[in-house]
Amino acid sequence: MDEDDPNITSVRGRGDSASSAPTLPTVNGQLLSAESISCCADDLVLDQITVNSLVMETLMVIRTLVENEQDPPPSLMRLHSVADHEEGWLQLVQSLVEVIPLSDPLGPAVMTLLLDDCPLPTKETAVRILDMIEVLQKSTDEKEEDTEENNNVRSVTQHRNLAIVLGCIAEKLAGPRSVALVTDQTLDYLIGNLNSSQAPPITLFSLIALEKFSQTSENKTTIKKRLSSLPAGKHPLKLLEDQCLTSPNFMIRQVGFCAQWCLDNLFPIEGRRFTYEDTDTSQINMMLNSNDVSEYLKIGPNGLEARCDASSFESARCTFSVDTGCWYYEVLVITCGVMQIGWATKQSKFLNHEGYGIGDDEYSQAYDGCRQLMWFNATCESHDELPRWKAGDTVGCFIDIDQQTLIFSLNGAQLKPFNQVFQNSDSGFFPAASFMSFQQCEFNFGWKPFSFPPNQAFQSFNKVSSLTPEQKLILPRPLKLAALKRLSVKENDCTLCFDNVANIKLLPCNHKGFCDRCASQLEACPMCRSPIETVEKMLATKSRESLLQRSYSKQ
């Protein structure tokens, strides 16, 4: 947005605080809305100021798009139309770099949403993004009337946003187009940002961009070679892990978490022990279930901290469920964007790529403190009695199963009781959470004192649950994959979890190889993608030599 133009002003988004609200540009006092833009001439549609306006309008309204089946806002549809053309796609990228504010907690996720929704660029167009690196490095002092502080904020914002764009494109592209972006210039820029003297938001998203580029094997090899060529004791990821992991600053703490995760999973250093080998979990008896999540959710080595950097909506349940009594757990908010934190049963279905998580079916309920919403069965209620959560806040989750009551709190201040989830479930409740892109939090199931325990009597998960030493291991991906290769799978084991007997046949496609638990979470056959109407259950005898069959409707 060209703020030097005297005809351009800005107005605050309705209902947002002055510290975090996005701004919308106006020309000659008139807001450039999507509706008015759609009636304009083609040359205005492709004007950079117009694209900036559409991006900011989308950022403003995205927090109001609370239903999964809602139509996309007009501004998003217009941006999709603009990005259908190569030059328009570049304009969108430029706008994302320039105008998404550093202070808006939804900014990075909205950037991911916009780029993920747009058509793929050609390799030639994608490479042109790299021109922005040199431009940004020279642009900090161009606006002479800005103060030095304003220049610094603008520079941090634009460099952070460029790193987000590079990461999003790396995740979206594959093969030669992704490889073409990993030039010496790109590596110099991203790896050069991996130091504690750089602004933490730039470091964080540069690290995530490198991680996403490494999803292409050739890129991973290139990045590993560059990192291994650095002098001993100067490995940036190891330095960030050592300096940032336990920082009281939550942005810096994210840098440490991601650096450690990359060292364990992507870019190991010879002689460095895996983190799980040195993590004391002796007092931890309940964790997030690392076997019940997709590969896109990062779980820390103690099993209590989780982070999502993917464009999907990732979810996790814990390792223990409860059927009766009163229970309580807490969540430390590390990032203040969209997360849905609450309770789910084993019947709850997580559809990460469709955007369905905790609170999006009839078997779960969740609190979203970013948008101040209560979620159940993919519908929500607005609850602004409590402020929007921020980094460092504590979310309390209380359940009284016998009295069929849920109570959520923020730093000890409670919302009214809720009970919708008990319409369909009366037992088997797991603590659970879902994460939008770039969100992170830490769970406390009672292994340490609670910050805001409720006045009601309750039981501690950590005192009742138990885990074997093997169950407490959060293995890095390379070790987990190696273990799977060594695993001896029985002929009649479930082809999805490999833990239970495959006693289910899907109808009408007749594909077999699934257990009760996995089949209950399927909407379509994993083999042929045809809808599942019913399943046929086959009961194994003790000798497993014969199977008796019975049909029942899929629940």
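Within the stretch 415-432, the residues that satisfy the criterion of being more than 12 Å from residue 398 (Cα to Cα), outside any strand (DSSP E or B) and of a type outside the set (D, E, K, R) are 420, 421, 422, 423, 424, 425, 427, 428.
Taking the condition under 22 Å from residue 472 (Cβ atoms), of a type in the set (A, V, I, L, M) and touching a residue at least 24 places away in the same chain (Cβ under 8 Å), does residue 263 pass? So residue 263 fits the description; yes. The single condition among (1) assigned by TED's automatic domain parsing to the domain that holds residue 111; (2) under 30 Å from residue 122 (Cβ atoms) that residue 212 does not meet is (1). For the stretch 415-435, the criterion of a residue being β-branched (Val, Ile, Thr) and at pLDDT below 95 is satisfied by no position. Taken over the stretch 61-105, the criterion of being at pLDDT 90 or above, touching a Pro at 6+ places or on another chain (Cβ under 7 Å) and either of a type in the set (A, V, I, L, M, F, W, C) or closer than 30 Å to residue 250 by Cα (or both) is satisfied by 83, 89, 101, 102, 104.
The residues in the stretch 441-455 that are polar (S, T, N, Q) and touching a Gly at 6+ places or on another chain (Cβ under 9 Å) can be counted, and the count is 1. Would you say residue 364 is touching a Phe, Trp or Tyr at 6+ places or on another chain (Cβ under 7 Å), more than 21 Å from residue 425 (Cβ to Cβ), among the polar types (S, T, N, Q) and in the same structural domain as residue 427 (by TED's automatic domain parsing)? Against the criterion (touching a Phe, Trp or Tyr at 6+ places or on another chain (Cβ under 7 Å), more than 21 Å from residue 425 (Cβ to Cβ), among the polar types (S, T, N, Q) and in the same structural domain as residue 427 (by TED's automatic domain parsing)), residue 364 does not qualify.
Please indicate, with yes or no, whether at least one residue in the stretch 390-401 is in a loop (DSSP other than H, G, I, E, B), buried (at least 24 other Cβ atoms within 10 Å of the Cβ), in contact (Cβ under 8 Å) with a residue 24 or more places away in the chain and acidic (Asp, Glu). No, the stretch 390-401 contains no residue that is in a loop (DSSP other than H, G, I, E, B), buried (at least 24 other Cβ atoms within 10 Å of the Cβ), in contact (Cβ under 8 Å) with a residue 24 or more places away in the chain and acidic (Asp, Glu). Where strands (runs of 3 or more DSSP E) fall wholly inside the stretch 246-347, no range has 3 or more residues that are over 28 Å from residue 468 (Cβ atoms).
Close Cβ contacts (under 9 Å, 6 or more residues apart or on different chains) running from residues in the stretch 437-458 that are closer than 28 Å to residue 297 by Cα to residues that are of a type in the set (Phe, Trp, Tyr) and assigned to a loop (DSSP other than H, G, I, E, B) comprise 437/313; 444/450; 445/320. Scanning the stretch 338-375 for residues that are closer than 21 Å to residue 443 by Cβ and free of Cβ contacts under 8 Å to residues at least 60 places away in the same chain yields 352, 365, 367, 368, 369, 374, 375. Under the condition of being in contact with an Asp or Glu (Cβ under 7 Å, 6 or more places away or on another chain), aliphatic (A, V, I, L, M) and modelled with pLDDT of 95 or more, the residues counted in the stretch 374-400 number 2.
Table: residues versus (1) within 18 Å of residue 228 (Cβ to Cβ); (2) out of contact with any strand residue (DSSP E or B) (no Cβ under 8 Å at 6 or more places or on another chain).
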site: 259; (1), (2): yes, yes
site: 275; (1), (2): no, yes
site: 278; (1), (2): no, yes
site: 286; (1), (2): no, no
site: 289; (1), (2): no, no
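Given the structure, is residue 478 out of contact with any Cys (no Cβ under 8 Å at 6 or more places or on another chain), modelled with pLDDT under 90 and in a loop (DSSP other than H, G, I, E, B)?
no
Counting only residues that are among the aromatic types (Phe, Trp, Tyr) and in a strand (DSSP E or B), which one in the stretch 348-379 is nearest to residue 520 (Cα to Cα)? Checked the stretch 348-379; the qualifying residue nearest to residue 520 (Cα to Cα) is 356. Taking the stated definitions as given, is residue 379 out of contact with any Phe, Trp or Tyr (no Cβ under 9 Å at 6 or more places or on another chain) and among the β-branched types (Val, Ile, Thr)? So residue 379 passes the test. In the stretch 322-334, the residues that are closer than 12 Å to residue 458 by Cβ and in contact (Cβ under 8 Å) with a residue 12 or more places away in the chain form Cβ pairs under 7 Å with partners that are assigned to a loop (DSSP other than H, G, I, E, B) and among the β-branched types (Val, Ile, Thr), at six or more places apart or across chains, as follows: 322/401; 325/401.
Only residues that are in contact with a Phe, Trp or Tyr (Cβ under 9 Å, 6 or more places away or on another chain) and surrounded by 15 or more Cβ atoms within 10 Å (Cβ to Cβ) were counted across the stretch 402-422, and they come to 13.
Take the stretch 175-215 and flag every residue that is in a loop (DSSP other than H, G, I, E, B) and buried (at least 21 other Cβ atoms within 10 Å of the Cβ).
Hits for the stretch 175-215 are 182, 193, 194, 214.
Going by the structure shown, is residue 386 surrounded by fewer than 19 Cβ atoms within 10 Å (Cβ to Cβ), under 29 Å from residue 171 (Cα atoms) and hydrophobic (A, V, I, L, M, F, W, C)? In short, no.
Considering only residues of the stretch 528-555 that are touching a Ser or Thr at 6+ places or on another chain (Cβ under 9 Å) and at pLDDT 80 or above, which is surrounded by the most Cβ atoms within 10 Å (Cβ to Cβ)? Checked the stretch 528-555; the qualifying residue surrounded by the most Cβ atoms within 10 Å (Cβ to Cβ) is 535.
All of (1) more than 23 Å from residue 113 (Cα to Cα); (2) among the charged types (D, E, K, R); (3) in contact with a helix residue (DSSP H, G or I) (Cβ under 8 Å, 6 or more places away or on another chain) hold for residue 211 with one exception: (1). Just wondering, is there one or more residues in the stretch 267-287 that are surrounded by 21 or more Cβ atoms within 10 Å (Cβ to Cβ), hydrophobic (A, V, I, L, M, F, W, C), within 25 Å of residue 393 (Cα to Cα) and modelled with pLDDT of 95 or more? Yes; the residues of the stretch 267-287 include at least one that is surrounded by 21 or more Cβ atoms within 10 Å (Cβ to Cβ), hydrophobic (A, V, I, L, M, F, W, C), within 25 Å of residue 393 (Cα to Cα) and modelled with pLDDT of 95 or more.
The values are calculated or read from the model by the stated rules, or taken from the named source; none is laboratory data. Bear in mind that the values here come from a model prediction, so they are computed numbers and not experimental data. For neighbour counting, all protein chains shown are included, and Cβ atoms are generated from backbone atoms with ideal geometry for every residue, glycine included.
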